[in-house]
1. Just one of (1) out of contact with any Leu (no Cβ under 6 Å at 6 or more places or on another chain); (2) on the phi < 0 side of the Ramachandran plot; (3) within 10 Å of another protein chain (Cβ to nearest Cβ) trips up A:E240, so point out which.
2. Evaluate the following for B:G40: is it at pLDDT below 95 and either more than 10 Å from chain A (Cβ to nearest Cβ) or surrounded by 21 or more Cβ atoms within 10 Å (Cβ to Cβ) (or both)?
3. Tell me the residue from B:H78, B:H85 that is assigned to a loop (DSSP other than H, G, I, E, B), within 14 Å of another protein chain (Cβ to nearest Cβ) and either more than 9 Å from ligand 1 (Cβ to nearest atom) or out of contact with any Lys or Arg (no Cβ under 6 Å at 6 or more places or on another chain) (or both), please.
4. Name the residues in region B:96-112 that are under 19 Å from A:E192 (Cα atoms) and at the interface with another protein chain (Cβ under 8 Å from one of its Cβ atoms), would you?
5. What number of residues within region A:158-201 satisfy the criterion of being open to solvent by less than 20 Å² (accessible area, probe 1.4 Å) and within 10 Å of chain B (Cβ to nearest Cβ)?
6. For region B:173-193, indicate whether the set of residues that are within 16 Å of ligand 1 (Cβ to nearest atom) and either among the basic types (K, R) or without any contact (Cβ under 8 Å) to a residue 40 or more places away in the chain (or both) is non-empty.
7. In the set B:N171, B:N134, which member is among the polar types (S, T, N, Q) and away from chain A (no Cβ under 14 Å)?
8. Pick out the one residue from A:I178, A:I237 that is of a type in the set (V, I, T) and modelled with pLDDT of 95 or more.
Amino acid sequence: MMLRRPLFWLILLLAAVFAWLPKHGNNVALREDLILVAVAIILTSNLNLMIGYTGYVNFGHIVFYGLGGYVGLYLMTVRSWHLIPAALTAGVAVSVLALLFGLGILRLRGAYFALATIGVLEAVQAFVSNFESWGRSTGMYVSFESYVPMGGPKHALWLTYFLIIGVMALSLMLSLGIRRSKFGLGLFAIREDEDAAIVLGVNATLYKAIIYSVSAFLPAVAGALMFFKNGMIDPSIAFEYMLSLEGIVMLMLGGQGTVAGSALGAGLYERLRSYLLTSPRLSAFHLVIAGALLLLVIRLAPGGLIGWLYRLVPRSREVIE
Amino acid sequence: MTDLLQVRGISKRFGGLQAVADVSFNLGEGEILGLIGPNGAGKTTLFNLVNGVFKSDAGTITFLGKDITGRSPDQVVHLGLARTHQIVRPLSGMSVLENVIVGACFGRENQSMREARATALEVLERVGLADRANSSARALTLAGKKRLEVARALAARPMLLLLDEVLAGLNPTEIGQMIALILSIRDGGVSVFMIEHVMQAIMNLSDRIVVLNLGRKIAEAPPAEVVKNADVVEAYLGFPDIVDKLRGAQ
Ligand SMILES: Nc1ncnc2c1ncn2[C@@H]1O[C@H](COP(=O)(O)OP(=O)(O)OP(=O)(O)O)[C@@H](O)[C@H]1O
Ligand SMILES: [Mg+2]
């Protein structure tokens, strides 16, 4: 039962704190900090469904976020849709596309799959950069009219913030739900030994395609929301390869395969990155530090922070999933 | 005896090597059918063809009256045909219990997590791994991993179980326990098709034995006749001690 799992309540608490802190006292700077943490958690926890649960490394996960942003902004600016239906439609459209990609590239295993995900990212970026309706390499801008139905920009930004917090909570709930389900068990079996899983009766082709598609949905919704908030999108910011890699660092740092690990790693790394990027002396080095961090984690704590906790306190496994 | 499994003219070629060549046989309901042959004879490959890991180059496989030729292993296990691996393949990062729950969840009865848990506990009890349920599958001894292979396959609630050298690497006590288990499986209504190099065991357990050599079926008969078969003795000529064991088992 979901309600008996401590993490279920912790996720709700986290979302409530995120929603309340900046709103109380109207702290816009804090809101902007927390929105980045929330997006990092959304991307990392969905990436965890592929890497941590299924054992397939996706280097191009950011493609879902960027494409979601494009579909969302296109519907809002060109088709004048409201934010919420636009974001949901972006999620559905990108998931369907992911299902098609997935059925193609998920025949590959290991390093070949990982390379193919880079190919998907490159191909989508190249396509979008030349796609007339989406503004080619200049991208799209959110016009002022888009804010009007939401009561002006100020309200629109707060609404977007709360929606992103909601998507963050949903992402973590999704991971939590899958974790103890039969579907999740099939994914774990694939991660441990795909051929053995198939002999035991797991329809690996179907399971992999479904989880690849599912892991695209909420990041795409978040992309639509975030790029609306930012007011613009173009191919270089939508498909930032570094963000994809940093997602993997966050996941390894927190502990792949665990719900709490993906959130913890995303939160810690995002705060560290913001600090480094705003520090005049260290900003040029943030990727060096990310790389060093990844090496340290892999060497010293292959299970990440949560894996380390499990070793210190074995019983924590039951509580911190 | 009605036939559970009918294999007709299946073959498998790996590059220049004909691993299985035009093999046909039947397996009856409630039967224990042995499969023997020298190393590299194509026994494991034959299993891989029957449960769909490899696609046969020719021929047909019929299980419970359904043509299963070309079906994938996950579809085959849903119909009630489960197997173990000669080289054990535990899901190492998971517990022993979880491994068996996977077998139950995705087996013939497509059980829910709750049902699968009950099934898994019952099966673990049966194979003698109940006390290891919560340890990591990685931590089991070889004998433990072989039992886990059997437990996972049994949890699928199969009608037919393929056992690939489940006795290899076990000590005499463990062999005795495994043989008792195999007999109890058959008495529970599950037919068994088993590959084994431990001659004493296969001669005593099997109702009939199929002998493969260089991919071809060279004999199919009750144990007493197989050991007298000139072709079989010749196939094992390179392995004189096995010929002795064949005779000794008589
Ligand atoms: N996937 C494969 N690719 C290429 N050759 C293979 C493959 N699997 C098996 N072979 C070859 O096919 C032949 C039959 O192998 P198989 O494993 O079926 O023998 P076996 O009778 O089970 O032997 P053993 O008693 O040693 O287990 C061997 O020569 C083996 O090297
Ligand atoms: Mg073999």
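1. If we test A:E240 against (1) out of contact with any Leu (no Cβ under 6 Å at 6 or more places or on another chain); (2) on the phi < 0 side of the Ramachandran plot; (3) within 10 Å of another protein chain (Cβ to nearest Cβ), just (3) comes out false.
2. Numbers: at pLDDT below 95: yes; either more than 10 Å from chain A (Cβ to nearest Cβ) or surrounded by 21 or more Cβ atoms within 10 Å (Cβ to Cβ) (or both): yes.
When the stated conditions are applied, B:G40 passes them.
3. Details: B:H78 fails: assigned to a loop (DSSP other than H, G, I, E, B).
Unique residue meeting the criteria: B:H85.
4. Listed by number, the residues that qualify are B:E98, B:I101, B:V102, B:G103, B:C105, B:F106, B:G107.
5. Qualifying residue count, region A:158-201: 10.
6. Going through region B:173-193, the residues within 16 Å of ligand 1 (Cβ to nearest atom) turn out to be B:193.
Still in the list and also either among the basic types (K, R) or without any contact (Cβ under 8 Å) to a residue 40 or more places away in the chain (or both): none.
Scanning region B:173-193, I find no residue that is within 16 Å of ligand 1 (Cβ to nearest atom) and either among the basic types (K, R) or without any contact (Cβ under 8 Å) to a residue 40 or more places away in the chain (or both), so the answer is no.
7. Working: B:N134 fails: away from chain A (no Cβ under 14 Å).
Sole residue among the options that is among the polar types (S, T, N, Q) and away from chain A (no Cβ under 14 Å): B:N171.
8. Working: A:I237 fails: modelled with pLDDT of 95 or more.
Of A:I178, A:I237, the one residue that is of a type in the set (V, I, T) and modelled with pLDDT of 95 or more is A:I178.
The values are calculated or read from the model by the stated rules, or taken from the named source; none is laboratory data. All of these numbers come straight from a predicted model, not from anything done at the bench. Here Cβ is always computed from backbone atoms with ideal geometry, including for glycine, and neighbour counts include all displayed protein chains. For accessibility, only protein heavy atoms count, side chains too; no ligands or nucleic acids. Shrake-Rupley method; radii C 1.70, N 1.55, O 1.52, S 1.80 Å.
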